[in-house]
1. Can you name the residue in region 57-67 that is buried (at least 21 other Cβ atoms within 10 Å of the Cβ) and at pLDDT 95 or above and is also farthest from residue 183 (Cα to Cα) among such residues?
2. Residue 209 passes all but one of (1) over 26 Å from residue 53 (Cβ atoms); (2) without any contact (Cβ under 8 Å) to a residue 60 or more places away in the chain; which number fails?
3. Can you name every residue in region 106-142 that is crowded, with 20+ Cβ neighbours inside 10 Å and in a strand (DSSP E or B)?
4. Which of the residues spanning region 79-93 are touching a helix residue (DSSP H, G or I) at 6+ places or on another chain (Cβ under 6 Å) and either in a helix (DSSP H, G or I) or within 22 Å of residue 23 (Cβ to Cβ) (or both)?
5. Somewhere in region 88-96, is a residue at pLDDT below 95, surrounded by fewer than 18 Cβ atoms within 10 Å (Cβ to Cβ) and under 17 Å from residue 40 (Cβ atoms)?
6. Would you point out which residue out of 169, 177, 182, 151 is within 26 Å of residue 120 (Cβ to Cβ) and either over 23 Å from the mean Cα position of the chain (by Cα) or surrounded by fewer than 17 Cβ atoms within 10 Å (Cβ to Cβ) (or both)?
């Protein structure tokens, strides 16, 4: 079995993130960029299956600037077998739709049985790319899985609901996305770090994927205006004079919190 894991490089969540006021895009030079933690959990799903099924091959696929190489070497050191980095100037500022089209093309070229992704990135929080990739590939999609079990011809997962949980399944090939409740990612060991330097990491362009930079006229999202986040103001202090409960309830109702 061959499993593809979609990996995105994002700004470190421990640092402040901001938009570039000139372009309206995320400023990726303002701090450290790392592999998204939710994608590392997705990788853990694939590696856990590989641990018990030795014929499994795991390839990680990412789209982004040259700095993505660092993130891919990190996930290779965790145990992935190879990596594909889609790098093309025409993809600068790509929105979810264009990203999904390209990732789907890379997945199709890799020829995999299962695609595993995080449910949403920590920078954009869109949560739509896995579904879009599945649509582009014409494959079933199981979303927001808290636990995953992979078999020879199908994939099964548990998804949380407002009233409990449900078990869902789909035949392979398929696309799945996992939540932060899925298995915690393993740490790279010294042997994995050394081996990662020798593992294949392919850099491909849109032309290599057989795609036109204009995507056959496909439109793209454009940021029209941006504004800085307002500074946090001091909170309102309520002194209990016998009516604190009433005032608190009034505040919650006014803010539509209840």
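The values are calculated or read from the model by the stated rules, or taken from the named source; none is laboratory data. What you see is a predicted model; the values in this text were computed from it and never measured. Heads up, the Cβs are rebuilt from the backbone with ideal geometry, glycines too, and the neighbour counts pull from every protein chain shown.
1. In the first step, residues of region 57-67 are kept if they are buried (at least 21 other Cβ atoms within 10 Å of the Cβ); the result is 58-64.
Remaining after also requiring at pLDDT 95 or above: 58-63.
Numbers: 58: 17, 59: 19, 60: 18, 61: 20, 62: 21, 63: 24 Å.
Once the filter is applied, the top-ranked residue is 63.
2. Of the numbered conditions (1) over 26 Å from residue 53 (Cβ atoms); (2) without any contact (Cβ under 8 Å) to a residue 60 or more places away in the chain, the odd one out for residue 209 is (2).
3. 114, 115, 116, 117, 118, 142
4. Narrowing region 79-93 to residues touching a helix residue (DSSP H, G or I) at 6+ places or on another chain (Cβ under 6 Å): 79, 83-86.
Listed by number, the list holds a single entry, 86.
5. no
6. Details: 177 fails: either over 23 Å from the mean Cα position of the chain (by Cα) or surrounded by fewer than 17 Cβ atoms within 10 Å (Cβ to Cβ) (or both); 182 fails: either over 23 Å from the mean Cα position of the chain (by Cα) or surrounded by fewer than 17 Cβ atoms within 10 Å (Cβ to Cβ) (or both); 151 fails: within 26 Å of residue 120 (Cβ to Cβ).
Just one listed residue meets the conditions, 169.
Rundown of residues vs (1) under 19 Å from the mean Cα position of the chain (by Cα); (2) at pLDDT below 95; (3) under 17 Å from residue 185 (Cβ atoms); (4) assigned to a strand (DSSP E or B), yes/no style:
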| residue | (1), (2), (3), (4) |
| --- | --- |
| 10 | yes, yes, yes, yes |
| 23 | no, yes, no, no |
| 29 | no, yes, no, no |
| 45 | yes, no, yes, no |
| 50 | no, no, yes, no |
| 55 | no, yes, no, no |
| 73 | yes, no, yes, no |
